Amino acid sequence: MHQTDQDNTELVRQLRTDIQTGQLAIREAYEKTADARAMLRGRARLVDETLRKLWLAQKLPVGYALAAVGGYGRGELYPASDIDLLILAPDDANEDANKDPAVERLIGQFWDIGLEIGHSVRTVADCLREAAGDITVQTTLLEARYLAGNRPLFKRFTNEYTAALAPADFYKAKQLEQAERYTRFNDTPYSLEPNCKENPGGLRDLHVILWTARAAGLGESWNDFRKHGLIDATEVRQLARAEAFLRHTRIRMHYLAKRREEKLMFDYQEGLAQAFGIERTDAKRASEVLMQHYYQNAKLVMQLNLVILQNLGTRLFPDSDDLPRLIDENFRIVRELIDVPDLTLFEREPRALLTIFRHMQDYPEIKGISARTLQAVWRNRKRIDAKFRRDPANRALFMDIFRHDRPVMTLQRMNQFDILGQYLPAFGKIVGQMQHDLFHVYTVDQHIMQVLRNVRNFVLPECAHEYPFCTQLALAFENYWLLFIAAIFHDIAKGRGGDHSQLGMADARRFGREHGLSKEDTELVVFLVSQHLTMSSVAQKQDLGDPEVIRNFAGIVKNERNLTALYLLTVSDIRGTSPKVWNGWKAKLLEDLYRATLSQLHGKPSAICGTVGERQEEARQLLRRNGLRPDVEAAFWAQLDPVYFLRHDAQDIALHSRVLYGRWDSEKSIVVARPNPIGEGLQVMVYTHNQAELFARLCGFFARLGYSIADAKIYTTKHGYALDTFVLLDPSEQLPYRDMIALIEHDLIEMLDDRRAHTPPPVARMSRQVRHFPVTPEIRIRPDERGNHYLMSITAADRPGLLYALGMVLAKHNVDVHTAKINTLGERVEDTFLLSGNELAQPSGLVRIEQELLDAMQV
């Protein structure tokens, strides 16, 4: 080995040690001082010194220069951030300068000392060409900082780059880029595991401000912006605090994860709260307290981002042919934005804080609020105090917003700018509040906004194809705007402790009394808030074929108006929890319950709860339509008892009769799979000689294929055949339903007829959500009114194979399953079963079964 190579090897070894020691010292200093800025700049300086030493030792040709770009160029390096470098090559460099041995050796040594390097080797002309065609490259080079090598070359690069930079074009490109980024994150900062860098309201929103202002020559710091009149001293302080919080969040995430991790995953939220020194309260975990602060901070960042970028846009595009259009003496429209000529308006007349949003409803061409006006709204929002709320004129104006035909976007804007939370303090308390129930994917306030949007969609003509039945009901509903008030209040009491439905009901009643709602309308809103979970529970957990279930529910709703309003709110609520929770099966259950209850209220027999004779007659008519001659069903129906006809609707009865015509005593199993006729998924009919552990074996078979069971009807004929019907859904949304039909029919028949030992479904890994927010398994088994059957309700964390495990316990104790209503809510299941078995009637046996079922539900 040459002496030079030995020297380089020793240098690399020494620098690797220096980097490790230096980074450890930086972390120790940060943990003592909690100075995020010092930590970021300290790591950047440490890397600067290291790279310069390597550059000098490598003895690159004198024509080259080394520059830091991106966040590193800005002088900020997070604990696990990679290091973006630009190696500037002279104009006459070979096209493959990237493969120059000296350059390749240098890059290799960067990695050898433990630095994650992202690098490019370009001439000045290359840089300008790449920047012109790619806004990401242009942004990265905007913050280029000299490190080593040919300083005149670097200076020429910065001069030519600046000369080529078009601030107005840069602004437009960053606006489009930000809009695309927002879309990727569903335009909300309120996901339960937000990305603290890229999410709306994250660090990237602050970077966009800095980049755009820097490109426009308006400074590089918040104080520079104040000097140029873009923001005031208060907003400088708000930006500094918001930025510091996000910096601390990202730094601590890197340290906790021991890698570059920007997503605030459940795995780290408790540890992150501990790093911030946050403790749990009586009502909230420490992580919930932290995350609520995070969301409030994100909301502020989005607000400031909007204000400053609008101000920058005004600077960059000062000339306009649009003349102001007066709305009244206080408001005007300028460039499709509402604006106040006199910025003291909100101070003099606080009611204007509501009037501005009411005007925006009347003028759909208004796309937003001008930056100067938005700043004034923001600064004066706390003038909405107790006295303001008591003013009858303000109350009337607030109600006008609900009565208008465009309330949802207005309420969303009022929430975005903190006006809604100021007017309704109870709403302000749930802004940014997490919901750790494993099926809501939004914070409470964002969920409410989703529900409002869903309620609104029912009366939009363009959405009629998606919600035809809901649209029909909504368009005929008098005072439909009351549903928006119910949506606002239905979850407003979450996080207080106690039953949020009852607490919210009290809030809704007080609101109705104070805002002049009639007694009838107030009672409707109060009813909806108090019962907003009831319809979902009845539809998904109880037997809708039981007339007593329908009678009891009709007794709760009392009249058609309450029923229709509750149905519309329930659909909106379920659809607003998570894109994965709603499906066609739940839609069918809710619509069936609505129609059956409506018939009950009108004193008419329900199609769902019809008599045995009515169901049979309807099924016969369907069979005739399918070309089957009269009485072909008689032999099969002779093997069925009235319970079968009460638990299956006419469509299923006709299907079974058509498939089993002439084969009701077949020695071989019969399996028919088809696309679910009422929505997505598959419907699978199984007809076979009854056999031990059949329910568990079927559940295991479907679990191995990756399906979840949405519904199961289990029946045994008089002559000992099992006639079971399952509705299957694919949680992964990757299995092609039609393509799986032949496989299911073949393999399931083979499993049943061979009576071979079945293979349990694979043990699945516990999801992160369940691991950090576990569901305590609960079970309740009680006899029905006649004492012949037992109703079993379970609550547990969902996992593949759960029904199989439960079925094996029941089979072990000779317990038969007659029906199973499977209700999956994200990572949580709330299932209901109808059972029979001698051991259930014995107290000691019942306790033993319950304990074994609880053990089977443990994750």
Using only helices, what value at 222 nm comes out for the chain when you add -39,500 (n - 2.57) per DSSP H run of length 4 or more and divide by the total residues, to the nearest 500 deg cm²/dmol?
-17000 deg cm²/dmol
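Determine, for each peptide in 844-855, 142-153, the mean count of other beta carbons within 10 angstrom over its residues, then list the peptides with the highest first.
Ranked from most to least packed, the peptides come out as 142-153, 844-855.
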Could you tell me whether segment 273-432 comes out rounded, prolate or oblate from its Cα gyration tensor? Rule is a ≥ b ≥ c as square roots of the eigenvalues, rounded for a/c under 1.5, then prolate if a/b exceeds b/c, otherwise oblate.
oblate
Can you work out ³J(HN,Hα) from phi for every residue in segment 122-137, in order, using Karplus 6.51 cos²θ - 1.76 cosθ + 1.60 and θ = phi - 60°, giving whole Hz and x for Gly and Pro?
9, 7, 4, 4, 4, 4, 5, 5, 5, 5, 5, x, 8, 5, 5, 5
Got a sec? Which residues in segment 495-526 would a label at residue 282 touch, if it sits 7 Å along Cα→Cβ and we count backbone N under 19 Å?
495-504
In debye to the nearest 20, how big a dipole does the chain give about its Cα centre with +1 on each Lys and Arg Cβ and -1 on each Asp and Glu Cβ?
1840
Row for segment 349-426, column shape: gyration tensor on C-alpha, a ≥ b ≥ c, rounded if a/c < 1.5 i.e. under 1.5, prolate if a/b over b/c, else oblate; value oblate
Zone of residue 198's modelled label, taken as backbone nitrogen in segment 115-144 under 17 Å from a point 7 Å along Cα→Cβ
135-137, 140
Listed residue (516, 503, 482) projecting farthest to the positive dipole end of segment 478-541, Cβ model
503
Rounded FRET efficiency, nearest 0.05, which uses the C-beta distance separating residue 228 from residue 591 and R0 of 56 Å:
0.40
For segment 632-719, size of Cβ-based charge dipole, Lys and Arg +1, Asp and Glu -1, in debye:
180
FRET efficiency for residue 258 and residue 678, using Cβ-Cβ distance with R0 set to 60 Å, rounded to 0.05:
0.75
The set of residues whose placed amide H lies less than 5 Å from the amide H of residue 819, leaving out same-chain residues fewer than 5 positions away, is 714, 834
Quick calc: nm separation of the 7 Å Cα→Cβ label points for residue 24 and residue 317 -> 5.5
In square nanometres and to one decimal, what's the mean projected area of the convex hull around the Cα atoms of the chain?
45.4
Quick one: net charge around residue 404, please, counting Lys, Arg +1 and Asp, Glu -1 for every other residue with C-beta under 14 Å from its C-beta.
+2
List, in order, the whole-Hz ³J(HN,Hα) value for each residue of segment 45-59 obtained from phi through the Karplus relation with A = 6.51, B = -1.76, C = 1.60 and θ = phi - 60°; use x for Gly and Pro.
5, 4, 5, 3, 4, 5, 5, 5, 5, 5, 4, 5, 5, 6, 6
If you bin the C-alpha pair distances of segment 649-767 every 5 Å from 0, what whole percents do you get?
2, 11, 22, 25, 20, 13, 5, 2, 1, 0
What span do the alpha-carbon atoms of segment 775-859 cover on each of the three principal axes, reported in whole Å from largest to smallest?
34, 22, 19
Residue by residue through segment 33-43, the couplings from Karplus 6.51 cos²θ - 1.76 cosθ + 1.60 with θ = phi - 60°, in Hz, x for Gly and Pro, are 9, 6, 9, 5, 4, 5, 5, 5, 6, x, 5
Segment 200-285: percent of C-alpha pairs farther apart than 18 Å?
55
Ordering 441, 47 by the accessible surface of their heavy atoms, 1.4 Å probe, largest first, yields 441, 47
Row for segment 382-459, column shape: gyration tensor on C-alpha, a ≥ b ≥ c, rounded if a/c < 1.5 i.e. under 1.5, prolate if a/b over b/c, else oblate; value oblate
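Dipole size in debye (nearest 20) for segment 551-702 around its Cα centre, Lys and Arg Cβ +1, Asp and Glu Cβ -1?
360
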Built amide H within the under 5 Å cut-off of residue 148, gap 5+
66
For segment 356-433 and segment 459-536, compute the distance between their C-alpha centroids and round to whole Å.
20
Set Lys and Arg Cβ to +1 and Asp and Glu Cβ to -1, take the dipole of the chain about its Cα centre, and tell me which of 375, 554, 271 lies farthest positive.
375
DSSP-defined antiparallel bridges as percent of all bridges, the chain, nearest 5
90
Equivalent ellipsoid dimensions for segment 588-701 as semi-axes, Å, which come from the Cα gyration tensor, largest first
26, 20, 14
Between the modelled labels at residue 237 and residue 293 (7 Å from Cα along Cα→Cβ) the distance in nm is 1.8
Pairing the Cα long axis of helix 286-316 with the longest principal axis of the chain, what angle in degrees results, from 0 to 90 and rounded to the nearest 10?
50
Signed unit charges on C-beta, dipole axis of the chain, positive-most listed residue 39, 813, 655
39
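So, R0 is 60 Å and r is the distance between the beta-carbons of residue 782 and residue 32; what FRET efficiency does that work out to, to 0.05?
The formula returns an efficiency of 0.50 here.
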Using modelled amide H (1.01 Å from N, peptide plane; none on Pro or chain starts), what sits under 5 Å from the amide H of residue 278, excluding residues fewer than 5 places away?
none
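The values are calculated or read from the model by the stated rules, or taken from the named source; none is laboratory data. Predicted, not measured: the structure shown is a model, and the values here were computed from it. When we count neighbours, we look across all protein chains shown, and the Cβ atoms used for this are built from the backbone with ideal geometry, even at glycine. Keep in mind that these areas ignore ligands, DNA and RNA; they rest on the heavy atoms of the full protein, side chains included. Shrake-Rupley method; radii C 1.70, N 1.55, O 1.52, S 1.80 Å.
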